[in-house]
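Values quoted throughout were computed directly from the atomic coordinates according to the rules given, and no laboratory measurement underlies them. All figures in this text were calculated on a predicted structure; none of them were measured in a lab. Here the Cβ positions follow ideal geometry from the backbone for every residue, glycine too, while neighbour counts run over all protein chains shown.
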Amino acid sequence: MADSLQEQLVKAGLATREQADKAARPKAKKPKRNPKAQTGDAAARQGKRRRQADKSKDRQPAKRSPAKNRDSNKTPAAVEDAELIERRKIKAEIKALIEADSVKDFTGEISFNFRIGDRIRQLFVNEAAHKSIVASELAITRLNRETHLIPPAVAEKVKALNPNWLIVLNGESHGDAPNGEDPDDPYTGYDVPDDLRW
């Protein structure tokens with residue numbers, strides 16, 4: 001087993017002696033030439049000129065009008081940071097409003113179904129909270145993945161701070177038709193109570 005792979009291939013007849021010799025010779029690597037490459041002296045001089053030009057630009061203050069200086073101070077990153085700070089400030093105010101005035105103990109066995117967009121959600125509440133929600137005395141909102149019940153006055157304050165905040169107040173139209181009624185609905189004459197339980 002002292003034979004090399006090349007010798008084994010030649011003995012098996014899979015390769016000729018010339019192919020084995022050719023493979024055994026070291027290959028000379030050709031250096032890659034960059035057609036745009038310059039000689040060492042020319043490249044060094046050009047690099048030195050570039051560095052000097054950059055240094056001279058750094059030393060000279062830019063001559064701009066005061067209005068341009070104010071606008072240039074607000075980079076896109078600074079504007080994004082300011083918007084992020086503003087959003088966090090608004091969310092902190094909303095959080096304080098909701099936590100201060102939310103009903104603490106509303107869980108129970110009665111289910112109240114409400115619609116968020118195209119989905120119907122279910123919230124289990126006690127009888128007093130259910131009556132208050134049906135009478136539009138409490139609104140449903142979410143904060144940090146938790147459901148809260150808040151008075152309508154607080155809901156209006158939250159909507160004033162952030163119009164996109166999710167607030168469900170019983171009796172509000174959901175944008176399907178004016179006044180929440182469908183003109184083609186065959187059951188418009190039949191009132192269905194909100195507190196109907198099966």
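General remarks:
- Full extension of the chain between D21 and E109 yields a length gain of 22.8 nm, computed as 0.36 nm times the residue separation minus the alpha carbon distance.
- Placing +1 on each Lys and Arg Cβ and -1 on each Asp and Glu Cβ, with no other charges, gives segment 102-177 a dipole about its Cα centre of roughly 240 debye.
- Debye equation applied to the C-alpha atoms of segment 102-177, log10 I(q)/I(0) at 0.24 Å⁻¹: -1.27
- Fewest-first sequence of F124, F106 by Cβ atoms within 10 Å of each Cβ: F124, F106
- Pairs spanning more than 19 Å between alpha-carbon atoms, out of K95/K159; K91/K157; K89/K159; K131/K157: K131/K157.
- In this calculation the C-beta distance from N126 to E146 is compared with R0 = 22 Å, giving a FRET efficiency of 0.80.
- Of the residues L166, L9, L123, the one with the fewest other Cβ atoms within 10 Å heads the list, and the complete ranking is L166, L9, L123.
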